[in-house]
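Peer 1: For reference, the structure I am asking about is given below.
Derivation of every value follows stated rules applied to the coordinates shown; laboratory data play no part. As the structure is a prediction and not an experimental result, all values here were calculated from the model. Positions of Cβ are backbone-derived with ideal geometry, glycine not excepted, and every protein chain shown enters the neighbour counts.
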Amino acid sequence: MQNEIIIGKIVAPHGVRGDIRILPMTENPELFLDLEYLLVGNGQRLTVKRARFQKNMVLVSTEEITDMDAAEKLRNKNVLVNRADLPPLPNGRFYVSDLAGCVCEDEQGTEIGVFKDTMPTGSVDVFVIVDKSGKEILVPAVKDNILQIDVKAKRMLVRLPKWDDEK
C-alpha cells in the first residue's frame, strides 16, 4: 500500500492571488474542506489557508502560492495527501491505490488480469483490468461484477459483463 493517495488534479490558477483550481478525484470531495496541507505531484507541500467549492471544482488558497504565475506552474500536477490523514472508509470501500496490482480472477479461479485503475463515469465507476496481452478489460464496479475484494491478499473475484464473455 502506498503512503500517499491522489485526491485531485490541479487544472488551473484561479485569480491573481495564487489560488488553485482542483478537480477532485475522490468520492468525498468535502475532505478538501478539512485538510491542513496538500502534497503536489512535484514533491511540494502546501499549507492550506482556505478551501471552497465552485461548481465541480475546489478552489484552494495556500500560504506558499501567492500569485498567478506560481499557481500556473502547478497546472496538471496531482494533489496528494498522506494515507494516515484520510478518514477511515466504511466497510467494503477501498481507496483505488489499495486495489492497484490486485490479481483479478473469474469464478472458476482463472486469472483475468491485474487491476490497473478506475474510471469514474458519473453513475458507476468502471474498473480497468489489464490482461496478459495488455488488453484493457472494463468492468462496472457493481456487486454483480465485483464479487469479492481481498486487499491484503491482493486478489479480486470478478464476474465479467456479458459483452466480455468472448475473451
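Peer 1: How much net charge surrounds Y95 when only the other residues with a Cβ under 13 Å from the Cβ of Y95 are counted, with Lys and Arg +1 and Asp and Glu -1?
Peer 2: Numbers: positive: R83, R93; negative: E4, E27, D85, D98, D117, D125.
Net of charged neighbours comes to -4.
Peer 1: Under 21 Å between C-alpha atoms is the cut-off here; go through segment 1-158 and count lysine pairs that meet it, provided they're at least eight residues apart or on different chains.
Peer 2: Eligible lysine pairs with Cα atoms under 21 Å apart amount to 18.
Peer 1: Could you compute the FRET efficiency for K154 and D34, with r as their C-beta to C-beta distance and R0 at 25 Å, rounded to 0.05? Walk me through the numbers before you get to the answer.
Peer 2: Values: r = 30 Å, r/R0 = 1.22.
Result of the calculation: an efficiency of 0.25.
Peer 1: In addition: What residue among K116, K143, K154 has the largest mean-square fluctuation in a Gaussian network model of the chain, using Cα springs under 10 Å?
Peer 2: Result: K143 has the largest fluctuation of those listed.
Peer 1: Express in nm, to one decimal, how much length is gained between E107 and M68 on full extension, taking 0.36 nm for each residue of separation and deducting their alpha carbon distance.
Peer 2: Working: separation 39, 0.36 × 39 = 14.04 nm, distance 5.32 nm.
Working it through step by step, the gained length comes to 8.7 nm.
Peer 1: Over segment 33-167, what is the relative contact order in whole percent, taking alpha-carbon pairs under 8 Å and six or more residues apart? Walk me through the intermediate numbers first.
Peer 2: Working: 196 pairs, mean separation 19.7, N = 135.
The normalised contact order for segment 33-167 reaches 15 percent.
Peer 1: Cα centroids of segment 108-167 and segment 17-81: how far apart, whole angstrom?
Peer 2: About 31 Å separates the Cα centre of segment 108-167 from the one of segment 17-81.
Peer 1: Right, another one. Output the Cα-based Rg and Dmax of segment 96-161 in Å, rounding Rg to one decimal and Dmax to a whole number.
Peer 2: Cα only, segment 96-161: 10.7, 31 Å (Rg, Dmax).
Peer 1: Size of the dipole of the chain about the Cα centre, Lys and Arg at +1 and Asp and Glu at -1 on the beta carbon, nothing else charged, in debye to 20?
Peer 2: Working: 23 positive and 26 negative charges, 73 e Å.
Its charge dipole is roughly 340 debye.
Peer 1: Over the Cα atoms of the chain, how large are the radius of gyration and the largest Cα-Cα distance (Dmax), in Å?
Peer 2: 18.4, 58
Peer 1: What are the radius of gyration and Dmax of segment 3-45, computed over its Cα atoms and given in Å?
Peer 2: 10.8, 33
Peer 1: Mean separation of Cα pairs under 8 Å and 6+ residues apart, divided by the residue count of segment 96-161: what relative contact order is that in percent?
Peer 2: Working: 133 pairs, mean separation 20.0, N = 66.
Across segment 96-161, relative contact order equals 30 percent.
Peer 1: Please express the Cα-Cα pair-distance distribution P(r) of segment 4-85 as a list of whole percents, one per 5 Å bin, running from 0 to the bin with the greatest distance.
Peer 2: 3, 18, 31, 30, 14, 3, 0
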